[in-house]
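Undergrad: Before I ask anything, here is the structure I am working with.
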Amino acid sequence: MNLHEYQGKEMLNSFGVEIQRGIIAQTPAEAITAAKKLTKDTGTGWHVIKAQIHAGGRGKGGGVKLAKNLDEVSQIAGEIIGMHLVTPQTNAEGKLVSQVLVTEDVYYPGESEPSEFYISVLMNRATGRNMIMYSTEGGMDIEAVAENTPHLIFNEEIDPTMGLLPFQARKIAFNLGLSGKAFKEMTKFVSALYTAYVKSDSSLFEINPVLKTSDDRVIAVDAKVTIDDNALFRHKDFEALRDIREENPIEVEAKAVGLSYVDLDGNVGCMVNGAGLAMATMDLIKQAGGEPANFLDVGGTADAERVEIAFNLILKDPSVKAILVNIFGGIVRCDRVAQGIIDAYKSIGTINIPIIVRLEGTNADIAKKLIDESGLDVHSVIEFQEAADKVQEVLA
């Protein structure tokens, strides 16, 4: 589950991570009120107005702007709220901005120059350990930094039995070129950040930039936080932060009825029981010259109701040109699934795209007979290769 920047910052701050302070606003009037409060509380004269969407690269699309007075706060907030913000991480339509974060200006003059760093905490899938990835090149596209100057990317792996050790936090501060007060502030920042990551059951923290201010404070100017959905039962307060407006509506609908659905950019809809079989089915579709339009696991109880719901979800995608149903009848009998497909087909009404059904396992022969004698425009196959050939045929 992704959090908005303001939500992520609030969560980090609750674990002792110092942040750039800000107030959320949904109208220009609220933005002015927020700016006045920040001026009173922090003394800041300028404010940064940030669009709140679940996507990075907001500044490149015009979603992050500096306001030097209250008139500019109102003007910029009015321009950003309601816009469809297009960034490198959105589609061509962009995302509707419903709210902005009005923040304090932390790039104030002082004894030293501000410095921007990149810090993220995530799982290293190759080793099964958490790691802290960091760089002196904050505020930039970290992908470009990794490609063009990989020597500027550092990694610190964390032993799960020991946690982040003090010398590791100091090593990170040293590699970032810090000394004195800034060095101490960075070690505290890194330690608090890792504690927040572990205790919140997150799967990703990305802070870009982490700022060393002109008076050597270290703060999170941005915060991308992704929480592990499987751990939300331990964090009911975090679950309440979900913003379904930012999520794919089909995926939201599927989740509400207990189906595992991921929307993809393809032309063949998939309906499968079991994650492993679903992955193999997507490979099958690509082998046949198609592209999977979704990942959809209907689970072990593929009855008529769930099959009908699954069909309706797939058919909401206008790019789908065919549907491949691939069910292994282990726990569930294939003939019951076949009857569910027939009932669902009749209940939905007209389906104008070809449907290929592969049912293997218990009572597969009875299931094939039911499909073949149903009189419906459904292609029944038994073998994987038959399914691939049929997908290729209907897409030709």
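Undergrad: What are the ³J(HN,Hα) couplings of region 38-46, residue after residue, when phi is run through the Karplus curve with 6.51, -1.76, 1.60 and θ = phi - 60°? Round to Hz, x for glycine and proline.
TA: Per-residue couplings from phi come out as 5, 4, 5, 7, 10, x, 5, x, 9 Hz.
Undergrad: Okay, moving on. In debye to the nearest 20, how big a dipole does the chain give about its Cα centre with +1 on each Lys and Arg Cβ and -1 on each Asp and Glu Cβ?
TA: For the chain, the charge dipole is close to 960 debye.
Undergrad: 222 nm [θ] for the chain, helices only, -39500 (n - 2.57) per DSSP H run of 4+, per residue, to 500?
TA: -11000 deg cm²/dmol
Undergrad: A further question on this structure: Taking neighbour Cβ counts within 10 Å as the exposure measure, how do M186, M83 sort from fewest upward?
TA: In increasing order of surrounding Cβ atoms, one gets M83, M186.
Undergrad: Follow-up. I need to check one value: relative contact order of the chain, counting alpha carbon pairs closer than 8 Å and at least 6 residues apart, in percent.
TA: 12 percent
Undergrad: Say R0 is 25 Å: what FRET efficiency, to the nearest 0.05, do K36 and S214 get from their beta-carbon distance? Let's see the in-between values first.
TA: Values: r = 24 Å, r/R0 = 0.97.
Efficiency, rounded to the nearest 0.05: 0.55.
Undergrad: Here's something else I'd like to know. Considering only DSSP beta bridges with both partners in the chain, what is the antiparallel share in %, to the nearest 5?
TA: Numbers: 46 of 65 bridges.
Expressed as a percentage, antiparallel bridges in the chain total about 70.
Undergrad: Stretch T226-E93 to full length: gain in nm at 0.36 nm per residue minus the Cα-Cα span?
TA: Between T226 and E93, full extension yields an extra 45.5 nm.
Undergrad: Let me ask something else. According to a simple spin-label model (label point 7 Å from Cα along Cα-to-Cβ), what is the distance in nm between E305 and I351?
TA: Result for the modelled spin labels: 1.9 nm.
Undergrad: How do the peptides 61-73, 246-258, 359-371, 323-335 rank, highest first, by the average count of neighbouring beta carbon atoms within 10 Å per residue? Could you put the intermediate results ahead of the total?
TA: Details: 61-73: 17.3, 246-258: 14.7, 359-371: 19.5, 323-335: 22.2.
Highest-to-lowest ranking by the protection proxy: 323-335, 359-371, 61-73, 246-258.
Undergrad: Between H84 and I366, how high is the FRET efficiency from 1/(1 + (r/R0)^6) when r is the Cβ-Cβ distance and R₀ = 45 Å? Nearest 0.05. Please list the in-between numbers first.
TA: On the way: r = 52 Å, r/R0 = 1.15.
Once the sixth-power term is evaluated, E becomes 0.30.
Undergrad: With only alpha-carbon pairs counted, each pair once and no self-pairs, how large is the Kirkwood hydrodynamic radius of region 129-277 in angstroms?
TA: Evaluated on region 129-277, it is 18.3 Å.
Undergrad: Further question: Taking 8 Å as the Cα distance limit and 6 or more residues as the minimum spacing, I'd like the relative contact order of region 21-105 as a percentage.
TA: 43 percent
Undergrad: Grab the other residues whose beta carbon is less than 15 angstrom from that of F174, score K and R as +1, D and E as -1, and report the net.
TA: Combined, the nearby Lys, Arg, Asp and Glu give +4.
Undergrad: Related question: Leaving out same-chain residues fewer than 8 places away, which aspartates and glutamates sit with a Cα under 18 Å from that of K95?
TA: E5, E79, D243, E246, E247, E251, D263, D265
Undergrad: A further question on this structure: Using only the C-alpha atoms of the chain, find the volume of their convex hull and express it per residue in Å³.
TA: Residue-normalised Cα hull volume stands at 165 Å³.
Undergrad: Would you work out which of Q89, A254, A396 lies farthest towards the positive end of the dipole of the chain, given +1 charges on the beta-carbon of Lys and Arg and -1 on that of Asp and Glu, about the Cα centre?
TA: Q89
Undergrad: Share of antiparallel DSSP beta bridges in region 248-395, in percent to the nearest 5? Each step should come with its number before you reach the end.
TA: Numbers: 4 of 22 bridges.
For region 248-395, the DSSP antiparallel bridge percentage is about 20.
Undergrad: Describe numerically, in nm with one decimal, the distance between label points set 7 Å from Cα along Cα→Cβ at E147 and at M131.
TA: 2.0 nm
Undergrad: Moving on to the next point. Rounded to the nearest 0.05, what FRET efficiency do Q287 and T27 have when you use their Cβ-Cβ distance and R0 = 51 Å?
TA: On the way: r = 52 Å, r/R0 = 1.03.
Rounded to the nearest 0.05, the efficiency is 0.45.
Undergrad: Under the definition of Cα pairs under 8 Å and six or more residues apart, what whole-number percent is the relative contact order of region 248-395? Mind showing how you got there, number by number?
TA: Details: 302 pairs, mean separation 33.5, N = 148.
Reported relative contact order: 23 percent.
Undergrad: May I ask what percent, to the nearest 5, of DSSP beta bridges between residues of region 205-330 are antiparallel? Before the final figure, lay out the partial values.
TA: Details: 9 of 16 bridges.
That works out to approximately 55 percent antiparallel.
Undergrad: With the crude spin-label approximation of a point 7 Å out along Cα→Cβ, what separation in nm comes out for M162 versus A275?
TA: The modelled label-to-label distance comes out at 3.1 nm.
FYI, it's all coordinate maths here, none of it is from the lab. Quick caveat: nothing in here was measured; it's all calculated off a predicted structure. We place every Cβ from the backbone using ideal geometry, glycine too, and count neighbours over all the protein chains shown.
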